[in-house]
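The structure under discussion appears below in the form of structure tokens.
Here, each number is a calculation from the coordinates, and none is a lab measurement. Please read all numbers here as calculations on a predicted model, not as lab measurements. A quick note on method: Cβ atoms are made from the backbone with ideal geometry, for glycine too, and the neighbour counts reach across all protein chains shown.
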Amino acid sequence: MENDWDRFAQLCHPDLAYTHAIGVTDTLDSYLEKVRAGSFAYHDIDHPIDFIRVVGDVALVVGGMNAHVTAGGVERTLRNRSLAVWKHTTGSWRLLAYQPTPTAG
């Protein structure tokens, strides 16, 4: 997204629940406030997808999230399994929830 947080917001459902690997969950507004303030920065990110399951107007995207980030001034390498939930609303798909789980090693 190249720090285009307005565009990111357009891709999200207003009821977004974005959970971080440390267990903290943000709303769309609180997540945007943090990224815009520089609380964390994504340097590189890769989201390999294992499978997508569509049930009605909801899509479950199961895969991974590998990233190089700076959070709280500390650089980290993340290796997570992830679940993203997308909801089809008013003609487009919007991110409704995101949940990463750190992998061992």
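Fewest-first ordering of LEU28, LEU11 by other beta carbons within 10 Å of each residue's beta carbon gives LEU11, LEU28.
Comparing THR90, THR77, THR27 in a Gaussian network model of the chain where C-alpha atoms under 10 Å apart are linked, the largest mean-square fluctuation is found at THR90. Per-residue packing, averaged as other Cβ atoms within 10 Å, sorts the ranges 65-73, 93-101 into the order 93-101, 65-73, beginning with the highest. For the chain, the mean residue ellipticity at 222 nm estimated from helices alone is -4000 deg cm²/dmol, where every DSSP H run of n ≥ 4 contributes -39500 (n - 2.57) and the total is divided by all residues, rounded to the nearest 500. Treating r as the C-beta distance of LYS34 and HIS88 and R0 as 22 Å, the FRET efficiency rounds to 0.20.
Taking Lys and Arg as +1 and Asp and Glu as -1, the other residues whose beta-carbon sits under 10 Å from that of MET65 total +1. Computed on the chain, with alpha-carbon pairs under 8 angstrom and 6+ residues apart, the relative contact order is 26 percent.
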